[in-house]
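What follows is one structure encoded as structure tokens, with my remarks underneath.
The values are calculated or read from the model by the stated rules, or taken from the named source; none is laboratory data. Since this is a predicted model, take the numbers as computed values, not measurements. Heads up, the Cβs are rebuilt from the backbone with ideal geometry, glycines too, and the neighbour counts pull from every protein chain shown. Heads up: the accessible areas ignore ligands, DNA and RNA and are worked out on the full protein's heavy atoms, side chains in. Shrake-Rupley method; radii C 1.70, N 1.55, O 1.52, S 1.80 Å.
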Amino acid sequence: MNEKLTKPYDPKETEGRIYKMWEKSGFFNPDNLPERHQLGKPFVIVMPPPNANGDLHAGHSLFITLEDIFTRYYRMKGYRALWIPGADHAGFETQVVYEKQLEKEGRSRFNMEPEDLYREILDFTLANKSNMERQVREMGASCDWSREKFTLDADVVAEVQRTFKKMYDDGLIYRGLRIINWCPKHQTSLSDVETVSEEQRTPFYYFKYGPFEIGTTRPETKFGDKYVTMHPDDVRYKDYQHGQKILLEWINGPVEATVIKDEANDMEMGTGVMTITPYHSQVDFEIAERHNLDGEQIIDWRGRLLPIAGELAGMKIGDAREKIVDKLRSKALVTRVDENYTNVVKKCYKCNTVIEPQVKEQWFVKMKPLAELAIAALDKKELTFIPDHQEKVFRYWMENSIDWNISRQIVWGIPIPAWLCDDCGTSHVELDIAATPKCSKCDKAMRRDADTFDTWFSSGQWPLLVTNYPDGQDFGTYYPTDIMETGHDLVFKWVPRMVIFGLYLSKRVPFHTVYMHGLVNDAQGRKMSKSKGNVISPSQLTDKFGTDALRMALVIGNTPGTDLALSEDKVKGQKHFANKLWNIARFVLDNSAEETAKPRSITPGDEAILKNLRAAVESITAHMDNNRFYLAAEEIYHYIWHEFADKIIEEMKPRLREGDSASPGGSAEDRVDNRQSAQYTLRVILETSVKLLHPFMPFVTEEIWQILREGKSLLMVEPWPQS
RNA sequence: GCGCGGUUAGCUCAGUGGUAGAGCAUUCCGUUGACAUCGGAAAGGCCGUAGGUUCGAUCCCUACACCGCGCACCA
């Protein structure tokens, strides 16, 4: 028995050793690949940089597996395969994680100097970054660590700031006083994709407002309301003229209200009449803009009422609601209350705090012209989606894009290279940090904008940044990349931004194919969550069953874009498969030690078996080329176990024994030929099988290859089998 | 309200215009050398409902039902 093929297969003993061997070979870097590859084309995948703020979860394992399969397959096919890893500082996300830690320690970021907070989060992130990198290695990722980038690397920061300046100069970024999503807990604005909408039941109040009855769900914002609006075509109110003034009694005394006719009013909604609060509502703000109306802030940044609320000033808005209704009731201004009303509120996607719309000066990206670039690329078929129905979602977002707020009031991020004048509000974009510009209007010294960029602003440029746009050698060689593999939840968050920045900055799409995977759910198909206690940790699974087993379990039966139910049994089954292959290898080696060269003759039966093998190779290769890894994996599994092991090996056993023969009438020489044909055939099938399986189960296949070739070559760079 | 996806074996999921597939689970049988992390066999499905197209539909079209997800300025 071959002494290296101990039984059973031991992933723990093997994986670390094999990974070190791969890394030492230098072949993760395509520039070091053998000559065969240097003649090939590049094949490039950019890794969605994992957040450097915690452990890898099952979703990470899935994307690492898929991207590694791509990379290993194309590397074996002779491409200069490059998979560029990264780490994301994950601005707001990480700051939220860190703030939770501060809270536990009884501290708060609002009592800290920004520099100290930044330094603490940096230490925290760097510690997590190396943890994350170790876990990516453990998954067997054959990415080029020499090209790894962190989203806060100095060159990244500088390039992102240059992009901001360029967009500003091109009129694609402006500073505007607009309605933004404000999280009162985290004290920052958020983009629309950083909020979640939730349905809630809330009373719908009807108040007497002069001659009108108005409807609202937010009485607490109504103090300053002095415009009453209705649809211009609403016959019920045809006697009131646009601009008409009406004196009426309101919360804190008499008010002179102005009638505004605007089409934003829904005649079906409530009474068709409402008052507007431009500073705390998107619709109201837009109506005010259209008619050039004024407004004022009613709720402060902490979510408390401002002095306009009179005796209720300083009260949290949640507590103030009933008080205001009581007050209106005492003035006989409440007409009725509908208790069974449901509406939708936006919440902070991290802390679930209700978002307060606020008016604030921020930097915005003008999305329409950029989105049009993306739509054009789609129309020209420069971009394809797997599964293809994701294209519709992408297109919808591009056709309905709204300007993107990129200012965040947090320290953990890339500083916005801008200066502001506190006196007159003038802003100035300046890349030179040492500069201390003066206001062009009032000549006063300007203040550095303390805000940082939304992380999507930098990660949107990721394919460019990791290839060292615009002057780096990699940009010339490896950009545009080939495939962007990421979760389908990012189809309208990250993907469009990469497409847009790619088209805007480099005039080319950053990748031609978007491959989207689904969520990894628990065995019953339920979303994993800490509160449900059904989170499956990948490290536990790999500890128990080996990395190869987890990888295979994540791929088999997992169609692109579809969520996956991951069960321990499934992984266990694949551990059995790895062991099966291991035992096959031992059997073949034990029975073919004497001769591996092509024998004098191959029996017709063996020819048929090899022909069948070639058919399997052809079919599997077709699946790989069509990005149908789930089918390829299943077919390899089936071939190895139920064809190779169950049938071929079993049928060959008699032929392999000394002094035995499948053709008893033959001479001793015939019997040797027959045995050698069998040995050769087994060996060919084993080597081919191991190659086919390598992208999926890299560790066990490489280990077997090392034993087969006595350490003289690496399976990782072997040619993919020909059919 | 709009959009997207799903509905196939007990479970998790593939798949195809021409008699339905895998893994796991179940039942029965089988262990002297590759492997019990095994082998052999069996059982199990009017492919969500109703129409339509077709010689033929689980597959294509329409409607509906249910499940999941996403979006939304409904005061």
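Can I get the semi-axes of the range A:210-329's equivalent ellipsoid? Compute them from the C-alpha gyration tensor as square roots of 5 times the eigenvalues, in angstrom, largest first.
Semi-axis lengths for the range A:210-329 are 25, 15, 13 Å.
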In whole Å, how far is the Cα centre of the range A:82-153 from that of the range A:180-205? 26 Å
About the Cα centre, and with charges only on the beta carbon of Lys, Arg (+1) and Asp, Glu (-1), how big is the dipole of chain A? Nearest 20 debye, please. 340 debye
Total lysine pairs under 13 Å (Cα atoms) in the range A:487-631, excluding pairs fewer than 8 apart on one chain: 4
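Would you work out if the range A:86-186 is rounded, prolate or oblate? Take a ≥ b ≥ c from the square roots of the eigenvalues of the alpha-carbon gyration tensor; rounded if a/c is under 1.5, else prolate when a/b is larger than b/c, oblate otherwise.
Taking the square roots of the gyration eigenvalues as a ≥ b ≥ c, the range A:86-186 is oblate.
Tell me, what are the semi-axes, in whole angstrom and largest first, of the equivalent ellipsoid of the range A:361-478 as set by the roots of 5 times the Cα gyration tensor eigenvalues?
34, 19, 13
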Against the empirical 2.2 N^0.38 Å scaling, what ratio does the C-alpha Rg of chain A come to? 1.21
If the cut-off is 20 Å between C-alpha atoms, which aspartates and glutamates fall inside it for A:Lys381, apart from same-chain ones fewer than 8 positions away? A:Glu372, A:Glu391, A:Glu399, A:Asp482, A:Glu485, A:Asp625
Rounded to a whole number, what % of the accessible area of the range A:349-468 do carbon and sulfur atoms account for, probe 1.4 Å? 53 percent
Volume per residue of the C-alpha convex hull in the range A:1-88, rounded to whole Å³: 139 Å³
Percent breakdown of C-alpha pair distances by 10 Å bin, ordered from the shortest bin, for the range A:132-178: 21, 29, 23, 17, 9
Check each of the GluC sites (Glu not before Pro) in the range A:631-723 and keep only those in coil by DSSP with at most 10 other C-beta atoms within 10 angstrom; list them in order. A:Glu658, A:Glu710
Quotient of C-alpha Rg and 2.2 N^0.38 Å, computed over the range A:575-715: 1.08
Among the DSSP H helices of chain A, those whose Cα atoms extend at least 24 Å along the helix axis and whose mean Kyte-Doolittle hydropathy is -1.0 or higher are A:58-76, A:568-592, A:604-625, A:668-693
Just from the alpha-carbon atoms, what are the Rg and Dmax of the range A:74-140 in angstroms? 17.3, 57
Here Rg/Rh (Cα, Kirkwood) for the range A:483-620 equals 1.15
Number of Lys-Lys pairs in the range A:1-112 under 30 Å by Cα, sequence gap 8 or more or different chains? 14
Per the C-alpha gyration tensor (a ≥ b ≥ c, the square roots of its eigenvalues), the range A:527-587 is rounded if a/c is under 1.5, else prolate if a/b beats b/c, else oblate; here it's oblate
Separation between Cα centres of the range A:26-43 and the range A:433-456, rounded to whole Å: 46 Å
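Out of the DSSP beta bridges found with both residues in chain A, what percent are antiparallel (nearest 5)?
70 percent
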The range A:146-230: Lys pairs at Cα distance under 25 angstrom, eight or more positions apart or on different chains: 5
In cubic angstrom, how much convex hull volume per residue do the alpha carbon atoms of the range A:60-113 span? 97 Å³
So for the range A:556-595, what percent of the C-alpha to C-alpha distances run longer than 10 Å? 75 percent
May I have the pair-distance distribution P(r) for the range A:290-356, computed from all Cα-Cα distances with 5 Å bins from 0 and rounded to whole percent? 4, 13, 16, 19, 21, 19, 7, 1, 0
